[in-house]
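Only one structure is covered here, and it is reproduced in the block below.
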Amino acid sequence: MHRVVALVRPVQSTFELGCAVEVFGTERQGVPGHYAFETCTQTPGQVPTTGGYAISVARGLAALDTADTVIIPGWLPVEEPLSVPVRRALLRAHARGARLVTICSGVFALARTGLLDGRAATTHWARAEQLRREFPRVRVEEDRLYVDHGDVATSAGAGAGLDLCLHLVRRDHGAAYAALLARHMVLGPPREDGRARHAPPPPPGDALDGLLAWADERLGTPLSVNDLAGHAGVSPRTLARRFADQLGTSPGAWLLARRVAAARTLLEETDLPVEAIATRVGLTSAVNLRRRFRSRVGATPGAYRRAFRVP
């Protein structure tokens, strides 16, 4: 039996912990049980939560010594340092082969162990810049639902914690078992490639001298990186450097992300056929839209519309 231990702390985020409980710690009729789940904390006893109630946690950090997977379901406030005992317990668990997993803000705790140095990680997009600033050796990819390195894994916002947990179930016990579990949880189409379904909003203000707003208004045209550079009055190389410095991405990747985001909005809010949406967002054809959309979103346009169409 695979032992999963969630490391909780005051004040514990309830939804993030609930993600782990639902996937690894809930018995369901007709679903084989492959996981043994428990919680632990540095000081056993009553642990207050963000929901205004306390939970009783009986196990201390020694529970991590026999865990196969350690989950950090949020870490609030994110500025809270790791205590020496917690840091040692996490590093000890990792050293003997345990998998360390974070949900949403839990990545800040894992980053303080040094285990994410030189690696990609993700968190909620609203915290991405803070994570990047405080841990410059971590490669922050806020457009990912989750990033799994095998020994460590991180997820974006709280909802993405479910995606990561189910991804780990697929890895442990196969797609059929994970699909059975997801059906019992009444979840929508699986998001398996780690790309965010809901992208962060564009930066506020007049970022990059109005270029982003200008490009957003022209997504339906055959806009290229050279067109962006020409409007900005700089070389493509200079434009790439500005995008990397200010947005942490390339002009081409940003342009594609905006086109996919525009397609997502049209799928949610209109009944336009996929071919027409492809033309409106500058992806030229339904085939190209389906390929790009599935690559970034993890579902086909049709599946996405069925799940998220606004009446």
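The values are calculated or read from the model by the stated rules, or taken from the named source; none is laboratory data. Keep in mind it's a predicted model, so treat the numbers as computed, not measured. When we count neighbours, we look across all protein chains shown, and the Cβ atoms used for this are built from the backbone with ideal geometry, even at glycine.
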- Among R139, R133, R112, the single one that is modelled with pLDDT under 95, touching a Lys or Arg at 6+ places or on another chain (Cβ under 9 Å) and farther than 21 Å from T14 by Cα is R139
- Item | Given (1) at pLDDT 95 or above; (2) touching a Gly at 6+ places or on another chain (Cβ under 9 Å); (3) under 24 Å from F135 (Cβ atoms), number of the condition S13 does not satisfy | (1)
- Lone unmet requirement of (1) within 21 Å of G106 (Cα to Cα); (2) modelled with pLDDT of 85 or more; (3) basic (K, R) for R195: (2)
- Message: Going by what's in this entry, would L256 be described as in the same structural domain as R237 (by TED's automatic domain parsing), under 25 Å from the mean Cα position of the chain (by Cα) and more than 29 Å from R237 (Cβ to Cβ)?
- Response: no
- Give the residue that is modelled with the highest pLDDT, with candidates limited to residues of the range 115-130 that are part of a helix (DSSP H, G or I) and of a type outside the set (G, A, S). Q130
- Message: Tell me whether the range 88-101 contains one or more residues that are of a type in the set (V, I, T), out of contact with any Lys or Arg (no Cβ under 7 Å at 6 or more places or on another chain), closer than 13 Å to L7 by Cβ and part of a strand (DSSP E or B).
- Response: yes
- Unmet requirement for T221, which otherwise passes all of (1) out of contact with any helix residue (DSSP H, G or I) (no Cβ under 8 Å at 6 or more places or on another chain); (2) modelled with pLDDT of 85 or more; (3) surrounded by 14 or more Cβ atoms within 10 Å (Cβ to Cβ): (3)
- Message: What's the total number of residues in the range 85-133 that are crowded, with 23+ Cβ neighbours inside 10 Å, touching a strand residue (DSSP E or B) at 6+ places or on another chain (Cβ under 6 Å) and not hydrophobic (A, V, I, L, M, F, W, C)?
- Response: 3
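Here's the yes/no breakdown for (1) over 21 Å from the mean Cα position of the chain (by Cα); (2) of a type in the set (G, A, S); (3) surrounded by 15 or more Cβ atoms within 10 Å (Cβ to Cβ); (4) within 18 Å of A158 (Cβ to Cβ):
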{"residue": "Q12", "(1), (2), (3), (4)": "no, no, yes, yes"}
{"residue": "E16", "(1), (2), (3), (4)": "no, no, yes, yes"}
{"residue": "E22", "(1), (2), (3), (4)": "no, no, yes, yes"}
{"residue": "V31", "(1), (2), (3), (4)": "yes, no, no, no"}
{"residue": "Y35", "(1), (2), (3), (4)": "yes, no, yes, no"}
{"residue": "G52", "(1), (2), (3), (4)": "yes, yes, no, yes"}
{"residue": "V57", "(1), (2), (3), (4)": "yes, no, yes, no"}
{"residue": "G74", "(1), (2), (3), (4)": "no, yes, yes, yes"}
